[in-house]
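Take a look at the structure set out below.
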Ligand SMILES: [Mg+2]
């Protein structure tokens with residue numbers, strides 16, 4: 001089997017409401033680029049990458065000069081063809097490699113008649129548990145519903161998610177409002193769900209001293225971990241010396257060099273593996289092996305996914321022996337998907353690992369076209385800008401918080 005063609009299509013799929021975070025906002029939708037790698041036997045493998053537009057589509061087209069005629073089974077060689085580490089000083093293609101790796105694994109699974117998890121060592125579990133990913137949200141731009149800003153709104157949001165999807169873990173995405181306000185919201189979540197576990201993620205925008213103050217204030221709650229309270233391994237290490245909660249990261253340990261640094265002088269306890277940031281599912285499996293050796297925790301990170309990327313997270317979650325935490329996914333915020341059958345279903349807070357050959361998801365071409373059209377109409381959005389605060393700059397450490405009492409309507413194209 002040889003690669004014959006590579007195609008990429010950028011889509012945008014609406015969210016229930018705009019998701020606020022420490023650096024800005026997801027403006028009511030995700031922008032993703034869907035990649036199709038076609039083999040000379042007619043099989044098509046699927047990949048997905050965050051962001052997109054003309055430059056992303058052109059980047060994947062440019063990869064044809066490297067990969068047409070290449071055997072998709074030679075995945076290690078593909079890594080050096082397009083993401084050789086020293087050549088990456090000029091061309092950082094880690095995320096491109098990830099999307100192409102997903103598609104090649106999908107091709108191999110289809111060709112060999114096995115699900116991707118069987119290529120990765122075989123499944124240890126049939127379902128992957130997920131956390132409720134709770135965001136502060138602006139109201140839905142069309143109907144004004146779903147605002148999540150006050151303590152009561154957040155509890156109601158988390159309760160609705162738990163009732164609908166069965167979550168037993170709640171993650172609060174924070175770093176938006178003053179830390180003391182977010183502490184009040186987090187404590188209220190803990191009180192509302194005393195038997196469930198919790199995790200808190202301010203996206204690294206606090207000072208080390210603020211991280212220590214907050215971390216000490218939540219000791220004794222049912223925390224899985226405190227995620228990226230501060231940006232940088234040294235701030236994380238200083239926080240870890242003063243706070244008796246495991247620290248987790250998806251920002252300062254996202255490659256093997258950083259993982260080695262963290263093993264030699266530990267700053268982080270739990271490594272959140274992202275199939276895109278690390279350059280593929282196989283890189284995450286390798287990193288999990290290092291974590292297993294040094295007895296660091298692992299969990300599955302979400303950088304905002306449609307069904308293809310979600311499938312990569314499920315196959316990853318299926319094969320990790322040391323996955324001791326629920327995975328993260330933005331997925332439940334989506335209103336639709338571009339795969340056949342629509343959105344994958346949660347049951348009891350978990351999603352079944354696909355068992356069809358390959359990634360086990362099929363592209364719904366009508367949906368792909370519908371959301372490619374929507375992307376052409378709406379274009380990209382600035383992830384690192386807040387539509388409610390156009391003059392705001394997200395500095396680190398931050399001291400320019402949003403006002404939790406501000407309830408004016410924000411205009412977001414939708
Ligand atoms: Mg995070």
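The values are calculated or read from the model by the stated rules, or taken from the named source; none is laboratory data. These figures come from a predicted structure and were not determined experimentally. So basically every Cβ, Gly included, is an ideal-geometry build from the backbone, and we count neighbours across all protein chains shown.
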| Which members of segment 289-304 meet the condition of being within 16 Å of the ligand (Cβ to nearest atom) and touching a helix residue (DSSP H, G or I) at 6+ places or on another chain (Cβ under 6 Å)? | 298, 300
| said: Checking residue 190 against (1) away from the ligand (no atom under 16 Å from the Cβ); (2) farther than 22 Å from residue 406 by Cβ; (3) touching a residue at least 40 places away in the same chain (Cβ under 8 Å): exactly one of these is not met. Which one? | reply: (3)
| Matching entry among 254, 230 (being within 14 Å of the ligand (Cβ to nearest atom), touching a helix residue (DSSP H, G or I) at 6+ places or on another chain (Cβ under 7 Å) and either in the same structural domain as residue 92 (by TED's automatic domain parsing) or touching a residue at least 24 places away in the same chain (Cβ under 8 Å) (or both)) | 230
| query | Which numbered condition trips up residue 178, out of (1) farther than 17 Å from residue 333 by Cβ; (2) out of contact with any helix residue (DSSP H, G or I) (no Cβ under 9 Å at 6 or more places or on another chain); (3) within 16 Å of the ligand (Cβ to nearest atom)? | reply | (3)
| said: I need the full set of residues from segment 307-347 which are more than 16 Å from the ligand (Cβ to nearest atom), in a loop (DSSP other than H, G, I, E, B) and under 24 Å from residue 19 (Cα atoms), in order please. | reply: 335, 336, 337, 338, 342, 343, 344, 345, 346
| Unmet criterion (only one of (1) buried (at least 21 other Cβ atoms within 10 Å of the Cβ); (2) closer than 23 Å to residue 298 by Cβ; (3) out of contact with any helix residue (DSSP H, G or I) (no Cβ under 8 Å at 6 or more places or on another chain)) for residue 205 | (2)
| Yes or no: residue 245 under 30 Å from residue 194 (Cβ atoms) and either surrounded by fewer than 19 Cβ atoms within 10 Å (Cβ to Cβ) or more than 16 Å from the ligand (Cβ to nearest atom) (or both)? | no
| Could you say whether any residue in segment 138-159 is within 16 Å of the ligand (Cβ to nearest atom), modelled with pLDDT of 95 or more and touching a strand residue (DSSP E or B) at 6+ places or on another chain (Cβ under 7 Å)? | no
| message | So for segment 292-300 (the condition being modelled with pLDDT of 95 or more, within 29 Å of residue 367 (Cα to Cα) and not in a helix (DSSP H, G or I)), does at least one residue qualify? | response | yes
| Taking residue 33, is it assigned by TED's automatic domain parsing to the domain that holds residue 95, assigned to a strand (DSSP E or B) and over 30 Å from residue 112 (Cβ atoms)? | no
| Given (1) within 24 Å of the chain's Cα centre (by Cα); (2) in a loop (DSSP other than H, G, I, E, B), index of the condition residue 47 fails | (2)
